[in-house]
1. Sequence-distant or interchain residues sharing an amide H contact under 5 Å with residue 179, placed H: which?
2. Run lengths n ≥ 4 of DSSP H only: what is the helix-derived mean residue ellipticity at 222 nm for the chain, with -39500 (n - 2.57) per run over all residues, to the nearest 500?
3. For the stretch 95-201, which chymotrypsin sites (Phe, Trp or Tyr not before Pro) pass both filters: DSSP loop (anything but H, G, I, E, B) and at most 12 other C-beta atoms within 10 Å?
4. Project the alpha carbons of the chain onto their principal axes and report the range along each, largest first, in whole Å.
5. Pairs of lysine in the chain with Cα under 20 Å and at least 8 positions apart or on different chains: total?
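Where a number appears in this text, it was derived from the coordinates with a stated rule and is not lab data. Fair warning: this is a prediction, and the values are worked out from it, not measured in the lab. Backbone-built Cβ (ideal geometry, glycine too); neighbour counts: all protein chains shown.
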Amino acid sequence: MNRHSLKYVLATTLLALSGIASAADAAKTPFTLPALPYATNALEPAIDAQTMEIHHGRHHKAYVDNLNAKVKEFPALASTSLEDIQRSISRYDTAVRNNAGGHYNHSLFWTLMAPVGQRDMPSPALRSRLVETFGSEEAFRTKFSEAATKLFGSGWAWLIVKDDGSLAITTTANQDNPLMDVVAERGTPVLALDVWEHAYYLHYQNKRADYIKAWWPLVNWQQVNARYDAAAIKR
Ligand code: MN
């Protein structure tokens with residue numbers, strides 16, 4: 001073997017080894033923490049930077065890490081989309097339910113808020129459905145806020161498009177969500193609000209209602225409208 005072909009063999013062997021290593025890594029950690037779509041202080045003063053840093057960098061990251069830790073036990077997780085995992089969550093254990101739910105819910109939640117200038121308002125199509133369903137846009141906001149405020153313990157409030165195309169406000173406990181095949185009222189999430197204490201306690205302490213009131217102006221209606229359109233077309 002001359003010097004050139006030895007180099008070639010070494011290079012191709014290294015390439016093959018690195019391919020195996022990265023494939024193994026991918027199988028071990030198929031879930032990744034998405035970057036926030038804005039700076040951690042972009043939602044101030046309603047949501048302070050420290051709350052965002054801890055909520056995203058520690059709480060959400062923990063759901064991702066804990067979910068990756070379950071892949072060895074449930075290999076199907078690595079080849080199933082995050083949404084389809086929710087839809088078939090009854091096949092998994094409680095730890096997968098909590099952490100896959102936490103990863104999906106938070107990944108969605110970040111996109112449903114936006115800095116000033118990107119927030120917009122409900123589209124004519126969504127607005128007319130809100131009026132038809134709840135009486136007025138204001139009545140929808142009041143009912144959603146009430147559901148979020150009254151939810152006992154930790155969980156989420158949702159606006160969903162149900163399979164029959166109707167809109168509904170629902171709540172789920174812990175990290176459950178309306179996609180899961182174990183919750184009472186299922187549908188496609190259009191709007192989501194995290195009312196776990198970790199979402200607001202640093203700034204609002206026990207005053208959840210104040211956090212909810214401050215959250216409304218942050219809603220990224222561009223994103224909500226797009227989700228509504230996609231869900232309404234799909235049915
Ligand atoms: Mn949270």
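1. Placed amide hydrogens put 187 under 5 Å from residue 179.
2. Numbers: 10 runs with 115 residues, N = 235.
Value at 222 nm, helices only: -15000 deg cm²/dmol.
3. Sites meeting the loop and neighbour criteria: 152.
4. Projected onto the principal axes, the Cα atoms of the chain cover 82, 39, 34 Å.
5. Lysine pairs satisfying the spacing and distance rule in the chain number 11.
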